[in-house]
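The next block holds one structure in the form of structure tokens; read it before the comments.
Throughout, read-outs are computed from the coordinates displayed, never taken from laboratory work. All figures in this text were calculated on a predicted structure; none of them were measured in a lab. Positions of Cβ are generated from backbone atoms using ideal geometry, with glycine treated the same way; all protein chains shown enter the neighbour counts.
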Amino acid sequence: MNKYQSLVEAAVAARERSYCPYSGFAVGAALLTADGTVFTGANIESASYTPTVCAERVAVFTAVHQGQRQFEAIAVVGGKAGEPVTTYCPPCGVCRQVLAEFGHTAMPVLLYDGKQIKELTLGTLLPEVFDKHNLD
């Protein structure tokens, strides 16, 4: 069993709370913080699309709002709403940038296809990150 199995299961459960009437694509995320707290999120759509927010950012923003600033890992699952997860669903570019604000390049990003957990790092998904050092 993968050491992140429970984090992936939390992401699968969070996916059930997705609000995706327009795309029909439900995503859940579970974010593990340095103190062991898990924050979950699901994508939430809007008819005008632009204000739509991804599951990963819901989890990150909730954690930050609760005072958390150090992230250890995130699990992301997605697929057609109402159907089991059958393919990997990596974070979009915007979510990768948001994760980089608080995560670290070695932070595990866990993807799940309903059978296997695929473990990548944030640095692999977002090489040459733009961060606070670019603003100096």
- Item | Karplus 3J(HN,Hα) series, Hz, for the stretch 48-64 with 6.51 cos²θ - 1.76 cosθ + 1.60 (x for Gly, Pro) | 8, 6, 3, x, 4, 10, 7, 4, 4, 5, 4, 5, 5, 5, 5, 4, 5
- Note on the structure: If each part is reduced to its alpha-carbon centroid, the stretch 94-109 and the stretch 15-64 end up apart, in Å, by 15
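Sorting check: for 22-30, 111-119, which peptide has the highest mean count of neighbouring beta carbons within 10 Å, and how do the rest follow? Kindly include the intermediate steps, with their values, before the conclusion.
Working: 22-30: 21.6, 111-119: 15.3.
Listed from highest to lowest mean packing, they are 22-30, 111-119.
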- Task: Between P21, P84, P51, find the one with the highest GNM mean-square fluctuation for the chain; connect C-alpha pairs within less than 10 Å.
- Result: P51
- Item | the stretch 5-135 pair-distance distribution - Cα-Cα, 5 Å bins, rounded % | 2, 12, 22, 24, 20, 12, 5, 1, 0
- Item | DSSP beta bridge pairing in the chain, given as percent antiparallel to the nearest 5 | 85
- Query: So for the pair F25, Q116, with labels modelled 7 Å out along Cα→Cβ, what separation do we get in nm?
  - Reply: 2.3
- From a point 7 Å beyond the Cα of F61 in the direction of its Cβ, which residues of the stretch 13-55 have a backbone N at a distance under 13 Å? 41-46, 50-55
